[in-house]
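Below is one structure, written out as structure tokens; the observations come after it.
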């Protein structure tokens with residue numbers, strides 16, 4: 001109610017021409033086109049015209065109660081051991097009720113009829129970089145025909161996790177433990193022992 005009172009005060013000031021309608025929209029925090037609609041509602045219906053006209057009324061897209069009860073009945077009696085996806089596919093093929101999977105995904109677990117899906121893991125979540133250079137080094141080999149000759153070579157890159165600085169990048173005929181150690185030795189001789 002406090003916001004409505006603030007809106008009414010600002011609208012009254014705009015109607016009394018103490019402030020412009022553009023300033024009123026800025027004070028309330030809405031766009032000027034939206035303020036124009038509020039102004040029309042206020043002029044037509046007074047203070048009550050500021051409230052949303054649909055507030056307290058059901059949505060026109062609401063699913064009828066009979067359809068909702070039919071879906072719940074099917075889930076309880078015929079498909080009680082199905083997961084949500086399987087239930088939706090089976091119900092859609094044998095009992096054509098025009099409801100989407102996303103609707104059922106929001107309603108059925110909320111009603112306690114279907115178990116909620118487990119949360120996804122942290123796969124793909126970005127790992128924070130190390131704060132100091134030398135704490136962690138990465139090694140990666142890439143096989144490619146680097147030159148115009150017939151052969152392919154491995155480029156072994158050792159880079160610092162904190163700064164993405166390439167510490168060593170030898171080009172070898174084939175990646176192996178021995179060639180990897182050559183790169184590590186070069187880094188240790190130049191920068192010292194790393195942490196991880």
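Here, each number is a calculation from the coordinates, and none is a lab measurement. As the structure is a prediction and not an experimental result, all values here were calculated from the model. Don't worry about glycine lacking a Cβ; one is built from the backbone with ideal geometry, like all the others, and counts go over all protein chains shown.
State, to one decimal in nm², a quarter of the convex hull surface area for the C-alpha atoms of the range 137-191, i.e. the direction-averaged projected area.
3.9
As a rough footprinting exposure proxy, the listed residues 100, 163 were ranked by other beta carbons within 10 Å of their own, and the order from fewest upward is 100, 163.
Find how many whole Å separate the alpha carbon centroid of the range 62-76 from the alpha carbon centroid of the range 146-169. Computed from Cα coordinates, the inter-centre distance equals 61 Å.
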